[in-house]
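Here the structure is laid out as structure tokens; the discussion comes afterwards.
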Amino acid sequence: MTVPFEPASETLQAAHQWFAWFHRHPELALHEFETTRKIIEVLQNYSIDLLPNPLQTGVFARIGGYRPGPKIALRADIDALPINEVTGLPYASEAPGRMHACGHDFHLTNLLATAIELKKIERELEGTVLLIFQPAEEAEHGGEQVVDTGILNGVEAIFGLHVKPELPTGVVGIRSGNFSAAVDRIYVTFHGKGTHAAHPDSGRDVIVASGEFIVSAQSIVSRNIDPFEPSVVSLTRIESGTTWNVLPDTALLEGTVRSFHKKVRDKVKQRLQEIVSGIAAVHGISGELRWVDGAPAVVNDERLTKLVERVAKNQGIKVTDVAPSMGGEDFSCYQQVIPGVIFNIGVGCPYPVHNSKFKADLRALEASVPLFVSLVHSYFEGSASDGQTLLS
Ligand SMILES: [Zn+2]
Ligand SMILES: [Zn+2]
């Protein structure tokens, strides 16, 4: 699409109302029942085809397919966080202890408004657009569950966006390659022998062992990983003992590992295992590492990244590079199956996401909706004429 696309003002006005509703009614991962109901209601009002979804929450829908062409997917996550909102907004959360503090209400509103605009020109679309309203991004592996439904069969590319309060409203932040890190969880348990604190020689001390483990675990990044490969090992919780004069017999430590490349992820896991076993052996106790795989790293497809940059610039949207983040995003689950790109949209706010005062500047929809619509057009037009030109 060479001429910049402008969404109808009624669509943007409606989008503001949907946003206010979603913001008032935040729901946590896998409990997005009212959110799902509302998304379906809006889509049905505009006669958009719903697709079967075997999951309890989330919505799949489809636009186009009247003309031959590729099938692409647009994804928005829909869950909120267990945070008490203190924005003072007129449409602040009505659910105590729950808040759309990561902007997923913006993401899903953006996708609804995009869908409404695409629906108007559905018969002209040279391809099919799949809409994925994904549950449970913040927890509970929603992306993985969606992929497991097989919804991506026949889909050749996927696009997503995430709000970024640090960027001015309506500015696109994008990066090819590493975008956000793999997020894994670790649990370490030491079992020793409890005893009177005055007679440590009668027991097997898990507290001293835990201290050594904490220090040694910090040597993994500094001594075992290539300094040019980003990684983090953070221990975030320690539980052991009940009082001052008893040496406990167990200690539990919990934490997270962040990385981008599989070889780094595997190396950290291997070293943690060796350190737990080694320290346990030194102290004559048993030690166990439980590693829970989270979402892999988001690695943006280079050709799709260039397409977003080009379409955004054609729309008159400012585009800027963003640094990779050690935070996580389960958009990566889709990228394990098909090429995809997720980018940031600025919503200018002094508070970060996951903060109780975070609020998104809705004027960002004036950039994000036309960008999404235009992306679909450009992808289809490029595929119809010469995919290589489009995506080179
Ligand atoms: Zn979040
Ligand atoms: Zn998020």
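Counting heavy atoms of the protein chains only and a 1.4 Å probe, report the per residue accessible area for the chain as a whole number of Å². List each step's numbers first, then the result.
Numbers: 16980 Å² over 392 residues.
Each residue of the chain exposes 43 Å² on average to a 1.4 Å probe.
Stokes-Einstein diffusion coefficient for the range 182-292 at 37 °C in a medium of 0.692 mPa s, Rh from the Kirkwood formula over Cα pairs: what value in µm²/s? Working shown, then result.
Details: Rh = 14.4 Å.
Calculated translational D: 227 µm²/s.
Geometric descriptor of the chain, per residue, is 149 Å³ (volume of the convex hull of the Cα atoms).
Tell me the chymotrypsin sites (Phe, Trp or Tyr not before Pro) within the range 234-301 that lie in a loop according to DSSP and have at most 11 other beta-carbon atoms within 10 Å.
Working: sites: W244, F260, W291; in loops: W244, F260.
Loop-located and lightly packed - W244.
Expressed as a whole percent, the accessible surface of the chain that belongs to carbon and sulfur atoms is 51, based on a 1.4 Å probe. Charge tally around H25: other residues with Cβ under 11 Å, Lys/Arg +1 each, Asp/Glu -1 each, net -1. The listed residues R24, R265, R37, once ranked by accessible area (1.4 Å probe) with the largest placed first, stand as R37, R24, R265. What the phi angles of the range 42-55 give under the Karplus curve with 6.51, -1.76 and 1.60, with θ = phi - 60°, is a coupling list of 5, 4, 5, 4, 9, 6, 8, 5, 8, 10, x, 10, x, 7 Hz, glycine and proline written as x. Taking amide H atoms as placed 1.01 Å from N in the peptide plane, the amide H of V183 lies under 5 Å from those of G294, A295, each 5 or more residues away in sequence or on another chain.
Note on the chain: dipole from Cβ charges, positive end direction compared against I174, S356, I121; the farthest Cα belongs to I174. Toward the positive end of the charge dipole of the chain, about the Cα centre and with charges on Cβ (Lys, Arg +1; Asp, Glu -1), which of G142, P96, S259 goes farthest? My answer, from the dipole projection, is S259. Structure remark: mean-square fluctuation, Gaussian network model of the chain, C-alpha springs under 10 Å; the largest value among A323, A115, A80 belongs to A323. For F343, enumerate residues with amide H under 5 Å from its amide H, sequence gap 5+ or separate chain, H modeled in the peptide plane. When sequence neighbours closer than 5 places are left aside, the close amide H contacts are G160, L161, H162. Backbone amide hydrogens, once placed in the peptide plane, bring N178 within less than 5 Å of N300, excluding anything fewer than 5 places away on its chain. Largest GNM mean-square fluctuation among D49, D226, D361, using the chain with Cα springs under 10 Å: D226. Here the ratio of the Cα radius of gyration of the range 303-373 to 2.2 N^0.38 Å is 1.24. Multiplying each eigenvalue of the alpha-carbon gyration tensor of the range 1-128 by 5 and taking the square root yields semi-axes of 29, 17, 11 Å, largest first, rounded to whole angstroms. A Gaussian network model of the chain, with springs between Cα atoms under 10 Å, assigns the largest mean-square fluctuation among A92, A360, A209 to A209. Count Lys and Arg as plus one, Asp and Glu as minus one, and take only other residues whose Cβ is under 11 Å from that of I151; the net charge is then +2. Expressed in Å, the radius of gyration and Dmax of the Cα atoms of the range 111-202 are 23.9, 82.
The values are calculated or read from the model by the stated rules, or taken from the named source; none is laboratory data. None of the values given here were measured: they were computed from a predicted structure. With ideal geometry, Cβ positions are generated from the backbone for all residues, glycine too; neighbour counts draw on all protein chains shown. Heavy atoms of the whole protein, side chains included, go into the accessibility calculation; ligands, DNA and RNA do not. Shrake-Rupley method; radii C 1.70, N 1.55, O 1.52, S 1.80 Å.
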